[in-house]
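Written below as C-alpha cells is the structure these notes are about.
The values are calculated or read from the model by the stated rules, or taken from the named source; none is laboratory data. All values reported here derive from a predicted model rather than from experimental measurement. Cβ coordinates were reconstructed from backbone atoms using ideal geometry, including for glycine residues, and neighbour counts include every protein chain displayed.
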Amino acid sequence: MFSLEANTTVSGAMTPYLVLDMDNGDFNGFTGYDLKKASLTESEAIAVWDTVSRTLRPRPNAF
C-alpha cells in the first residue's frame, strides 16, 4: 500500500486536502474473492507509484 497526503491539518478552498492511495493485491471486500497474488510485483508497483506521484504539481502557494 502506498499513500501520499497533503494539507492534512488545515484544508479549505485555498489549501485543498489531497490523498493519493494505491493498493496492490489488497483484499476486495466488495466482491468477496481472495487474491492469490498481487497484480504487480513489488518493483513494478514502486515504478507505477513513482511515475504517477511525480506527475502531481502543486499550485503556487498551495503548500
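Looking across region 10-58 at every residue that is of a type in the set (Val, Ile, Thr) and loosely packed, with under 10 Cβ neighbours inside 10 Å, the one that is modelled with the highest pLDDT is identified as Thr51. Evaluate the following for Asn61: is it modelled with pLDDT of 75 or more and assigned to a loop (DSSP other than H, G, I, E, B)? No: the conditions fail for Asn61. Pairs linking a residue in region 1-23 that is of a type in the set (Ser, Thr, Tyr) to a residue that is loosely packed, with under 10 Cβ neighbours inside 10 Å and modelled with pLDDT under 80, with Cβ atoms under 9 Å and 6 or more positions apart or on different chains, are Thr15/Phe63; Tyr17/Thr8; Tyr17/Val10.
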